[in-house]
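What follows is a set of notes on a single structure, which appears directly below.
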Amino acid sequence: MITIIDYKAGNLTSVQRALTHLGLPSRITPDADEVRRSERIIFPGVGHAGAAMAVLKERGLDGALKEAFARGTPILGICVGCQILLDHSEEADTPCLGLIPGRCRRFAPSDRSLKIPHMGWNPVEVRRPHPLLSGLKPGDAVYFVHSYYTVPDAEEHAFAETEYGIRFASAIGRANLFATQFHLEKSAGAGLGVLERFAHWDGSPC
């Protein structure tokens, strides 16, 4: 059973519909104790980093996520659920979960033709192998909606890149934790493949 964390950050039902389409059982819960007991966790999100962190703390989900990570539970972050895994976000100057060393920055493109938020389909380039990215082919496009991007401190935590004015880490990870800036549930076959592999992933990064 896959647990989808409910912290008022949107797109929960879209993620669950994608899992149902793949024949994967899931539940949506706001309960920290259920998250602690979970076999595997999806940490999705659409919205504001500051508001997301406030709800996580209010519901005790920040501590539950950290405990699950420390136990080796496979965890998959999506979009805002990717960004706030880092130490800090420039969005409202927000201290985040600190599960992957790094920070989240706002796009500031010198090319004024590039619109913010970055929205639409862009290719993703795998930088280093990971079990969840094993099905992606060069040139595969995925779907983005975001104004901020992740900057992990260590190159070893960046598994894929995308270019939008700058090259940024579009998939990051550490140990049993993996996350994508792009929306897996909206990325057609490429995204569904990641979700399906997550359902069988043992949490090892190799």
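Take Gly77 and tell me if it is outside any loop (DSSP other than H, G, I, E, B) and within 19 Å of Gly173 (Cβ to Cβ).
Criteria met by Gly77.
Within the bounds of the range 56-77, is there any residue that is small (Gly, Ala, Ser) and touching a residue at least 40 places away in the same chain (Cβ under 8 Å)?
Yes, because at least one residue in the range 56-77 is small (Gly, Ala, Ser) and touching a residue at least 40 places away in the same chain (Cβ under 8 Å).
Within the range 150-179, work out how many residues are under 22 Å from Phe69 (Cα atoms), out of contact with any Cys (no Cβ under 6 Å at 6 or more places or on another chain) and part of a strand (DSSP E or B).
Going through the range 150-179 one residue at a time, the tally reaches 13.
Determine, yes or no, whether Tyr149 is aromatic (Phe, Trp, Tyr) and buried (at least 20 other Cβ atoms within 10 Å of the Cβ).
Yes.
When the range 15-44 is examined, which residues are found to be basic (Lys, Arg) and under 16 Å from Leu192 (Cβ atoms)?
Of everything in the range 15-44, just one residue is basic (Lys, Arg) and under 16 Å from Leu192 (Cβ atoms), namely Arg17.
Checking Glu34 against (1) more than 15 Å from Leu97 (Cβ to Cβ); (2) in contact (Cβ under 8 Å) with a residue 12 or more places away in the chain; (3) not in a helix (DSSP H, G or I): exactly one of these is not met. Which one?
(3)
Tally the residues that are surrounded by fewer than 16 Cβ atoms within 10 Å (Cβ to Cβ) and under 16 Å from Arg103 (Cβ atoms), restricting the search to the range 152-162.
3
Could you tell me which residue of the range 1-35 is farthest from the chain's Cα centre (by Cα), considering only residues that are surrounded by fewer than 17 Cβ atoms within 10 Å (Cβ to Cβ) and of a type in the set (Gly, Ala, Ser)?
Filtering first and then ranking leaves Gly23.
From the residues in the range 137-149 that are in contact (Cβ under 8 Å) with a residue 40 or more places away in the chain and either closer than 19 Å to Ser89 by Cβ or not in a strand (DSSP E or B) (or both), which one is farthest from the chain's Cα centre (by Cα)?
Asp140
We did not get these values from a lab; they are worked out from the coordinates using the rules stated. In this text the structure is predicted, and so the values were computed from the model without any measurement. Note: ideal-geometry Cβ built from the backbone for every residue, glycine included; neighbour counts use all protein chains shown.
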